[in-house]
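Heads up: the structure comes next, in structure tokens.
Each reported figure results from applying straightforward, stated rules to the coordinates on display, with no laboratory input. No experiment lies behind these values; they were computed from the predicted model shown. Cβ placement follows ideal geometry from the backbone for every residue including glycine, while neighbour counts extend to all protein chains displayed.
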Amino acid sequence: MPLLKSWVTSANDANHPFPLNNLPCGVLSTQGTQERCGVAIGDMILDLAAAEESGLVRVADMPVFDVPYWNEFMELGADTWGRLRTRLIDLLAEGSADQAAVAPLLVPMADAELHMPVVVPEYTDFYAGRHHALNVGTMFRGPENALPPNWLHIPIGYNGRASSVVVSGTDIRRPWGQLKSPDHDRPAYLPCRRFDIELEMGAIVGTASQGPITVAEADANIFGYVLLNDWSARDIQAWEYQPLGPFQSKATATSISPWIVTRAALEPFRCNTPERLAELLDHLKDCGPMLYDIDLQVTMAPAGKPATTIARTNYSEMYYSSAQQLAHHTTSGCPMNVGDLLGSGTISGPEKENRGSLLELSWGGKEPLTLDTGDTRSFIEDGDTLTLSGAARGDGYTIGFGDCTGTVLPALKDPYAR
Ligand code: CA
């Protein structure tokens, strides 16, 4: 599919993240106004609450866009998702008869504050990138036992915390936690010394389910995707993770990009999962091209200094798709809710420069990175800003997500000191 041209001319630039082909879903406010739903188009945001009020957009008997989340809209179902997309393309396409009526409903992106686009009832994080699992497993257990025996058969996951999912731009406070140094007999409660990122994609469940669903049903139930940074306290994790997996090490914060890029916008970029190293059970098999060709990168900027790109990879490096993760999530009968967030797992590639965490990039701190500024890093230092970005590149257009960024603030004084 080529670029769909819009009368919002900034959207027609081949490198702009928000062409008419994209129409990602966010929540905005401007000074003195309430948070409401909007879609990005070029350098502007179409205020959907205003479009609904004016009658230009109508998807239900009651307004659904005058609220600070997309959950109500998602609950209307996939047919309605498709009808909104068709209507918005009509309204915003070059030559639209509605241009004069729609133009006053556009808000300059530069004047808007962006908020969490969705209420996240539950958040689950997976460990479904093979290069990441091999790297981490090699560091922790040696190359012979790098992949656990279940890894090639199920997308391994854990139930995370929805309460600490935050939108891009939110500052992240370095956590305290229980650490155990190999040099000491007893653990100690200290600020994290090995604070890290994980470059992931997040899938947003748009249709609820009860009981087991197929991979094809799971794919259809996904509304869209965001960039996701699973902030990770490696020293807390190393002490706590056996036998039930990560707990406080992942509970501080999870950042997501402000725009949900819909599955419809990503459809032209579908691609296959990698070669299967073991045959999957029937209920987890691919039902078509399951992944998307999305270039991903991470930059790091020390306080007051320019950013250095520290990793480049692609979403197609995943072993399990989000649809396979969602299907697996339901196999026990687990109900899924509208707005549930599924983290893909860290997306690393085969080369060193493709590694999606500092743990891998610095190989557990043994090989510190040198930034363009000359600073060296094994893990995140206070004041560092970490930014994820992503782009699917089409025929004369780009599908972007908006940055997923966060600055790490120093740990508080001992939070238990009175
Ligand atoms: Ca993770």
>> I need two numbers for the stretch 81-237: Rg to one decimal and Dmax as a whole number, Cα atoms only, in Å.
In response: 21.9, 74
> Going toward the positive end of the dipole of the stretch 9-115, with +1 on Lys and Arg Cβ and -1 on Asp and Glu Cβ, which of His16, Phe65, Gly55 do you reach last?
Replying inline: His16
> Counting only pairs 8 or more places apart or on different chains, how many lysine pairs in the chain have C-alpha atoms closer than 27 Å?
Replying inline: 10
>> Using the alpha carbons of the chain, what is the convex hull volume per residue in cubic angstrom, as a whole number?
In response: 159
> Put +1 on the Cβ of every Lys and Arg and -1 on every Asp and Glu Cβ in the stretch 123-409; which of Trp259, Gln178, Ala392 then has its Cα farthest towards the positive end of the dipole?
Replying inline: Gln178
>> Using a 7 Å offset from the Cα along the Cα-to-Cβ direction at both Asn272 and Leu409, what is the distance between the two label points in nm, to one decimal?
In response: 4.9
> If you place +1 on the Cβ of every Lys and Arg, -1 on the Cβ of every Asp and Glu, and leave all else neutral, what size is the dipole of the chain about its Cα centre, to the nearest 20 Debye?
Replying inline: 900
> Calculated from DSSP H runs of 4 or more alone, at -39500 (n - 2.57) each and per residue, what is the 222 nm mean residue ellipticity of the chain, nearest 500?
Replying inline: -4500 deg cm²/dmol
>> Using only the alpha-carbon atoms, how far is helix 78-92 inclined from the longest principal axis of the chain? Give it as 0 to 90 degrees, nearest 10.
In response: 60
> Helix 130-141 versus the longest principal axis of the chain: what is the Cα-based angle in degrees, 0 to 90, to the nearest 10?
Replying inline: 20
>> Quick check: Cα centre of the stretch 80-113 to Cα centre of the stretch 1-77, how many Å?
In response: 7
